[in-house]
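Report on one structure; see the data block that follows.
The values are calculated or read from the model by the stated rules, or taken from the named source; none is laboratory data. Every value quoted in this text rests on a predicted model; they were computed, and no experiment measured them. When we count neighbours, we look across all protein chains shown, and the Cβ atoms used for this are built from the backbone with ideal geometry, even at glycine.
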Amino acid sequence: MPAALAPAPNRSRRRVFVLTLFAAIMGVLVFSGVAAADFWTPESGGSPQADSVDTLYKIILAVAVVVFVGVEGVLLYSLVKFRARAGAVPAQIRGNTRLEIGWTLGAAVILVVLAVVTFAMLPGIRNPPNSDADGFPTQRIENVQNASAYQPRPPSGHALNVEVNGQRYAWRYTYPDADTNTLNNVFSYTDLVVPTKTTVVLTIKAQDVAHSWWIPALGGKFDAIPGHLNFTWFKVSEPGTFRGQCAELCGRNHADMVAKVVAVPPAEFKQWLADKRRDIQAADKDAQTKRAQEAQATAQGASPAPKTEQDVIGK
Ligand SMILES: [Cu+2]
C-alpha cells in the first residue's frame, strides 16, 4: 500500500477511542440496573402469576441462550478454523448419521422438557389462589355463563369480582357490594382501587371497540371485546401502584387510555368503597334535584302550565 493511503496513526487511534467511548456509554445505559430491570424479561413482582410467567420466561430464555451460544460458537469457530482462500476446493464430506440423529434427538428432548415445565407451571398461572385470612372479606363469585372464555376461580370460590369496561378512551370499573358480591353502583374510572391480600377476579368487556387490558406487573394482556367476556385475576400482597395502558389500538386517543391499579390495605379499601358509594349517591340525588328544578322552571317560564286534574277538582 502506498504510504500516502495508509491511515495516519493518530486518526486511527482517535477512531478506536471514539468507538470505545461509544461502546462504553451504550454499555452503561443498556446494562445499568434501571434500564435492564424487566427489559429482557416480563415485568413481575405484583401478582403471583406474573412472577410465574417471569420465571417460565427466564427458564426458556436460559435454554435458548445456551443453544444460541452453542450454535453460533460452532459456526464462528468453523468460519475461522477452516477458512480458505477463494477458489479453494472444499473437502467433500457426506452426512454423519450419529451426529444428525444426535442433534435431532437433542432438539426434541429440549422441546419436551420445556413443554413439561410449561404445563407444570400453567395451573399456577391460570388458577388464582385463595385470599389471605386477613384479606378483604369476599363472597362466592357468581358463575358467569360463558362458552368460550376461562373464568378463573380460587379453590374456595371466594374472590372480589370487579367488572372492567373498556370504552374510548377510559377504563370504567364497577365494584361489588362487600356483602353480596353483586355489582352495584360503585364505580371509578382509570384508577382501579383494590384491597391487598385479596384475590381479585376481573370480568373484562368493552362497550364500543376492541381494547386490551394490560397491567404488566400484574400479569398478561386480556382483550376487551364488545359482546364477549374475558377474565383474569391478580392478588397483590403489599400496598402499591401498578401502571398499565390499553394495549389495542382503539382510536385516535388510544395513547391516553391509561390504567392504574392502586392496592390498599383491606380496611382502607372498605372505607374507600363506603366513601365512594356515599359520594355517588349524593351526586345522584343532586342531579335528580337539579333535573326536577329545571323541569319546573321550563314549565313555568315557557308557556302557562296546562291545567291538571288536581286544579280542576280544587276549583
Ligand atoms: Cu383502548
(message) Being away from the ligand (no atom under 12 Å from the Cβ) and surrounded by 22 or more Cβ atoms within 10 Å (Cβ to Cβ) is the filter here; which residues of region 205-229 pass it?
(response) I215, A217, L218, G219
(request) Counting only residues that are at pLDDT below 85, give me the helices (runs of 4 or more DSSP H) lying completely in region 1-101 with at least 3 of them. (result) 9-31, 33-36
(request) Answer yes or no as to whether R153 is surrounded by 17 or more Cβ atoms within 10 Å (Cβ to Cβ), away from the ligand (no atom under 16 Å from the Cβ) and at pLDDT below 90. (result) yes
(request) Please determine, by comparing only the residues of region 80-139 that are among the small types (G, A, S) and touching a Lys or Arg at 6+ places or on another chain (Cβ under 9 Å), which one is farthest from S156 (Cα to Cα). (result) G135
(request) Out of the residues in region 233-255 that are away from the ligand (no atom under 16 Å from the Cβ) and crowded, with 16+ Cβ neighbours inside 10 Å, state the one that is nearest to V201 (Cα to Cα). (result) W233
(request) Can you run down the residue pairs with Cβ atoms below 8 Å, 6 or more apart or on separate chains, where the first is in region 119-143 and closer than 15 Å to N161 by Cα and the partner is β-branched (V, I, T) and in a loop (DSSP other than H, G, I, E, B)? (result) S131/T138; S131/T198; G135/T196; G135/T198; F136/T198; T138/T198; Q139/T180; E142/T182
(message) Considering only region 157-171, I want to know if a residue exists there that is modelled with pLDDT of 90 or more, touching a Gly at 6+ places or on another chain (Cβ under 8 Å) and within 30 Å of E248 (Cα to Cα).
(response) yes
